[in-house]
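Take a look at the structure below.
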Amino acid sequence: MINDVFISFCGKDTGGSFASALYTTLTDAGVFVYRHDDSIVRKDEQISVSVLKAIEASRISIIVFSTNYADSSWCLQEMEKIMECRKTKGQKIVPVFYGVNPFDVRNQRGMFGKAFENLMRRMLGEEDKVSSWRDAFDEACKISGFTVMDIGNERAKVKNIVESVIFLLDRTKLFIPKHPVGVESRAQYVIELLDSEKAKNVFGHFAEIGISALVERSLVTVDGHNKLGMLDLLRDMGREIIRQKSPYEPAKRSRLWFHKDVLEILSKYKETNYLEGLSLKLPKGNTSYFDTRVFEKMEKLRLLKFDNVQFDGNFEYLPRNLTWLCWHGFPLKYIPAKFLAEGLAVIELKSSNLTQLWKKGQMMEKLKVLNLSHSQHLTTTPDFSYMPNLEKLVLKDCQKLVEVSHTIGCLTKLRLVNLRDCRGLRKLPRSIYTLEYLKTLIIAGCSKIEELEEDLVQMKSLSTLIANDTAITKVPFSILKLKDLEYISISDYEGYSHDVIPSVNWALKKEVVLSWKRAFREAAGISGIVLLNSRNENEDIKKIVEHVTHLLDRTELFVVDHPVGVESRVQDAIKLLNSQHSKDVLLLGICGMGGIGKTTIAKAIFNQIGGNFEGKSFLLNIREVWEQYTNRVSLQQVLDDICKESTMKIHNIESGKNILKERFTHKRVLLVLDDVDELDQLNAFCGSSKWFGPGSKIIITTRDRHLLTMSNVDLEYEIGEMDEIESLEHFCWHAFKQDGPKEDFAESSKSIVDYCKGLPLALEVLGSYLFGRGMSEWDSVLKRLNVNGKVQQKLRISFDGLNHAEKEIFLDISCFFIGMDRNYVIQILNGCGFSAEIGIGVLVERSLVTIDNKNKLQMHDLLRDMGREIIREKSPHKPEKHSRLWNPKEVLDVLSKEKGTKATEGLTLKLENTTCLKTKAFKKMYNLRLLQLAGVQLDGDFKHFSRDLRWLCWNGFPLTCTPTEFHQESLVVIELKYSNLKQIWTKGQEMLPEC
């Protein structure tokens with residue numbers, strides 16, 4: 001069996017905590033880990049054959065070097081085998097140095113060296129083995145890995161290691177045929193061709209790894225406040241290394257720090273193409289000015305630090321490669337527009353003269369830290385939407401700051417906000433409470449802030465809250481729900497969050513405190529998990545997560561309001577599922593004509609037995625999804641449903657097959673594949689029963705019985721029509737809202753039921769249409785049923801009874817909005833001039849549309865196909881004349897040949913592989929209201945887009961801003977997920993649709 005990961009470790013050092021945490025976290029992420037039972041490991045025993053085979057069968061090996069690792073010949077045999085597999089099989093190695101220095105491991109020194117000496121004394125006469133182990137130590141330590149020195153607090157490092165392993169595993173192999181005759185020789189030929197060209201390596205700075213290496217070699221220290229330190233001798237050595245490269249010409253050095261050298265460069269305009277970093281500190285009150293043109297040739301400048309330095313001139317000369325700008329006493333009132341700061345990661349302008357950061361914002365995607373502390377003239381913060389990746393915002397002692405922009409809510413990566421002593425600030429913007437990942441909030445000394453909102457509960461990651469010396473007199477009740485809150489200082493109270501309640505009682509009414517106490521009693525009465533003196537928190541956490549996941553997994557699918565005849569059919573199917581040995585993987589095919597209730601029965605089965613499986617997934621409308629070229633998304637859904645902790649991403653069908661096969665082989669799963677109509681679809685989701693763990697059940701619904709025969713399902717269950725009694729009851733629930741007919745309509749009801757031939761969908765649609773109507777309309781329907789024999793024609797009776805607007809809404813939903821949120825669709829259709837809420841309500845009443853328990857619009861595939869056929873029949877062979885376009889082949893034909901016409905009101909095209917088309921294809925689509933694109937690029941002038949466009953949904957929008965010639969004034973909804981946008985537009989435009 002192939003494993004994802006093999007972990008080699010010394011149980012004496014790591015078995016109880018680190019190795020266990022590593023194993024648990026990897027397993028929870030869906031990674032298959034081989035971990036031997038360290039209780040059977042004898043340090044001087046010969047390694048077992050099963051362990052050697054496990055190493056060979058693994059993709060990645062993690063070697064956890066610890067103090068006693070070198071004292072175990074078993075561990076060293078594992079390491080030797082791992083390094084051999086690296087050479088012979090290309091196996092990936094992740095070394096972890098747990099409580100030991102990599103330098104000591106490589107050279108067998110320190111405590112690690114003493115452990116190795118102990119082993120050597122026991123192995124006299126086996127010098128060859130010892131020598132090969134030394135070589136293995138040397139090779140392993142050359143591989144980039146992880147150092148864990150903070151023993152007992154390893155959770156963050158475990159997370160980093162797991163992320164690295166998942167990244168390596170995510171280079172997933174594509175699916176290859178079962179019998180690859182002739183493939184190997186041809187593949188090797190191509191590989192040889194590829195190897196004939198030498199690859200070029202591109203190196204960047206990996207600061208965390210680099211600084212760790214410097215600390216390990218005692219070249220740099222990190223103090224208790226996380227500050228970097230360096231001995232004077234080492235500092236001077238580093239500076240001398242720089243100086244030696246150009247002893248007499250400072251302009252040719254890579255870094256300048258000595259003020260005389262810097263002043264010479266700045267005052268004499270000396271050209272330097274070598275300079276990467278520059279620092280100059282002048283006394284306060286300095287009146288010297290330098291010219292910005294001095295930066296014109298400093299193209300490589302990355303780091304710039306000034307104290308009390310002033311410049312005249314155009315700031316466009318500052319280099320674009322600048323990463324760090326630290327300018328204490330920045331003299332200007334705002335950053336000039338010509339200073340292009342898009343590459344900056346850190347801006348530190350303490351004690352500046354700024355009144356605002358800039359007059360006109362510019363996109364700064366790389367900015368992580370903004371520090372404007374002690375800027376006494378600053379009145380407002382910048383528009384934060386221009387710095388979407390900001391992590392730290394420090395505005396200490398900005399006395400005149402009166403407002404924090406509401407755009408702070410855009411900063412989803414923000415971790416720290418420090419507003420200490422901003423005495424002019426009266427309140428925080430409501431949007432700040434939406435920052436889910438904010439860890440530290442400091443508003444101490446903001447004496448005019450009177451309250452914290454109850455919305456504080458949205459700050460789920462908040463661990464530190466410092467709000468003393470404010471006007472806050474009441475602690476928000478929601479603070480008790482902040483599970484990560486570790487330290488709090490507020491309203492003269494200081495301490496840890498578990499002590500909050502007794503300390504805040506003074507600010508609360510007695511009845512509030514009593515209600516809290518009642519809540520405590522009720523909570524304690526609920527069955528839960530008790531952790532006292534736990535020896536293995538990782539296992540406890542895993543149990544809690546499994547329990548929560550199991551509870552979440554109980555979410556039931558919506559079946560029907562009136563499940564007439566459903567229960568008996570469900571029980572028949574479940575009997576079939578249980579008829580074979582419980583350890584067998586069983587494929588059950590449910591077949592029957594369209595509208596017979598296959599999906600309804602499958603949903604009910606899923607709800608009843610889903611809780612008995614380790615994982616479950618229900619895939620709706622596979623036929624429809626496959627037509628839209630979004631099959632990869634379905635594979636991803638199955639993976640996410642069943643392996644909830646997995647972070648694997650499926651990039652294409654072929655790699656997806658392999659991922660599903662590997663991830664599910666040990667899991668007992670329930671998988672429902674609804675409305676399958678091609679063998680390829682089945683092969684993608686369940687190419688073989690061997691993909692699934694023992695006891696798994698696969699349910700397939702289809703109209704095509706022959707498909708089930710070809711796919712070798714184990715059992716078939718054909719759903720028959722409703723009998724006369726069931727049909728009448730089902731019809732009456734929709735026609736009369738009761739289980740039987742009203743007296744005057746009894747005969748007519750029986751006649752209509754006879755015409756429907758026991759088909760649930762027809763009974764439902766016709767019953768809903770006739771609800772509340774008089775006898776004359778019933779007679780009219782009966783006459784039409786006499787003429788129309790086909791199911792779709794029977795269903796169309798209900799459609800024909802709609803008014804014009806309701807018909808248009810139905811057709812829009814059938815082509816574009818199935819599975820979308822009801823409120824979202826209402827907004828779009830209201831923008832098109834419809835009374836959408838009323839219209840959708842009518843469609844629901846007529847059973848033409850349903851709304852599931854997640855507020856999503858749903859439509860039976862027969863009704864969907866009927867709607868699309870109504871559109872198609874007006875011009876069967878000329879799709880460019882259809883009012884709506886949804887079929888990918890037809891859409892591609894119309895767009896690629898630029899055949900668009902004014903008839904088209906809506907168009908959707910979703911592609912797996914990006915395709916480039918011309919904007920001119922839309923030139924004649926004057927009436928286009930609805931446009932949905934994914935995997936599409938458009939070249940040309942965007943003025944060709946319709947001015948009537950109300951909905952633009954373009955996943956993967958390829959441009960960095962929307963073109964100015966694209967008229968967007970009528971748009972109601974713009975959805976540009978996963979776009980390349982840096983800004984929405986370079987020049988704004990009014991967007992005021994007439995609704």
Just to be sure I understand: of the beta bridges DSSP finds with both ends in the chain, what percent are antiparallel, rounded to 5? 10
Taking 8 Å as the Cα distance limit and 6 or more residues as the minimum spacing, I'd like the relative contact order of segment 3-175 as a percentage. 25
With the dipole of the chain worked out from charges on the C-beta (+1 for Lys and Arg, -1 for Asp and Glu) around the Cα centre, which of ASN607, ILE574, LEU367 lies farthest toward the positive end? LEU367
Work from the charge dipole of the chain (Cβ charges, +1 for Lys and Arg, -1 for Asp and Glu, about the Cα centre) and give the residue of TRP257, GLY229, VAL130 farthest towards its positive end. TRP257
Please list 3J(HN,Hα) in residue order for segment 366-380, calculated via the Karplus relation 6.51 cos²θ - 1.76 cosθ + 1.60 where θ = phi - 60°; whole Hz, with x for glycine and proline. 8, 5, 10, 10, 10, 10, 10, 4, 6, 8, 6, 9, 5, 10, 8
For a label point 7 angstrom out from the Cα of LYS252 toward its Cβ, which stretches of segment 271-311 have the backbone nitrogen within less than 20 Å? 271-278, 297-301
List the residues, sorted by chain then number, that are 5 or more residues from LEU917 or on another chain and whose placed amide H is less than 5 Å from its amide H. GLN937, LEU938, ASP939
What's the extension gain from GLN937 to GLN376 if we count 0.36 nm per residue and subtract their Cα-Cα distance? 197.1 nm
The set of residues whose placed amide H lies less than 5 Å from the amide H of GLY424, leaving out same-chain residues fewer than 5 positions away, is LEU401
Theoretical ellipticity at 222 nm over the chain - DSSP helices of four or more residues, -39500 (n - 2.57) apiece, nearest 500: -10500 deg cm²/dmol
Honestly segment 724-866 on the Cα gyration tensor test (a ≥ b ≥ c root eigenvalues; a/c under 1.5 rounded, otherwise a/b vs b/c for prolate or oblate) is just prolate
Using a Förster distance of 30 Å, how high is the FRET efficiency between ASP754 and SER689, based on the Cβ-Cβ distance and rounded to 0.05? 0.10
The simple spin-label model distance between ALA524 and SER835, using points 7 Å out along Cα→Cβ, in nm, is 5.7
If amide H atoms are built 1.01 Å from N in the plane of the peptide, which residues on other chains or at least 5 residues away come under 5 Å of the amide H of GLU718? CYS591
For segment 289-306, 3J(HN,Hα) per residue [Karplus equation, 6.51 cos²θ - 1.76 cosθ + 1.60, θ = phi - 60°, Hz, x = Gly/Pro]: 10, 10, 9, 5, 4, 4, 7, 4, 9, 8, 5, 9, 4, 10, 10, 9, 10, 10
Taking Cα pairs under 8 Å and at least six residues apart, what relative contact order does segment 892-995 come out at, in percent? 21
Which pairs, out of LYS281/LYS392; LYS245/LYS396; LYS157/LYS657; LYS366/LYS649; LYS87/LYS697; LYS159/LYS977, put more than 30 Å between their alpha-carbon atoms? LYS245/LYS396; LYS157/LYS657; LYS87/LYS697
Just want the answer: with Cβ charges of +1 for Lys and Arg and -1 for Asp and Glu, which residue in VAL457, LEU480, HIS406 is farthest toward the dipole's positive end in the chain? HIS406
Report the label-to-label distance for LEU219 and LYS260 in nanometres (one decimal), using points 7 Å from each Cα along the Cα→Cβ vector. 2.9
Please arrange SER776, SER896, SER8 by how many other C-beta atoms lie within 10 Å of their C-beta, fewest to most. SER776, SER896, SER8
So how strong a dipole does segment 559-718 carry about its Cα centre when Lys and Arg Cβ are +1 and Asp and Glu Cβ are -1, to the nearest 20 debye? 480
Would you please state which residues of segment 126-155 a label at VAL49 would reach in this model, taking the label point 7 Å out along Cα→Cβ and a backbone N cut-off of under 12 Å? none
For the table LYS856/LYS910; LYS483/LYS856; LYS12/LYS114; LYS794/LYS854; LYS899/LYS943, the rows whose alpha-carbon distance is greater than 24 Å are LYS483/LYS856; LYS794/LYS854
Put in order of increasing Cβ neighbours within 10 Å, starting from the fewest, CYS686, CYS85 give CYS85, CYS686
Relative contact order of the chain: what whole-number percent is it, with Cα pairs under 8 angstrom and at least 6 residues apart? 5
Length released on extending from SER489 to HIS562, taking residue separation times 0.36 nm less the Cα-Cα span: 20.6 nm
Residue separation between ASP893 and GLU163 times 0.36 nm, minus their alpha-carbon distance, gives in nm 258.4 nm
Checking segment 640-691 for trypsin sites (Lys or Arg not before Pro) in a loop per DSSP with at most 11 other beta-carbon atoms within 10 Å yields none
Taking R0 as 25 Å, what FRET efficiency do you get between LYS268 and GLN362 from their Cβ-Cβ distance, rounded to the nearest 0.05? 0.20
At a temperature of 20 °C and a viscosity of 1.002 mPa s, determine how fast the chain diffuses translationally according to Stokes-Einstein, using the Kirkwood radius over alpha-carbon pairs as Rh; express D in µm²/s, rounded to the nearest whole number. 62
Treating the beta-carbon of each Lys and Arg as +1 and of each Asp and Glu as -1, no other charges, what is the dipole magnitude of the chain about its Cα centre, to the nearest 20 debye? 2900
GLU208-ARG239 FRET efficiency (beta carbon distance; Förster radius 30 Å; 0.05 resolution): 0.80
What ranking do CYS591, CYS916, CYS75 get, fewest neighbouring Cβ atoms within 10 angstrom at the top? CYS916, CYS591, CYS75
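No value in this document is a laboratory result; all are computed from the given coordinates. Not measured: the values here are computed from a predicted model. Counting neighbours? That spans all protein chains shown, and the Cβs are built from the backbone with ideal geometry, glycine included.
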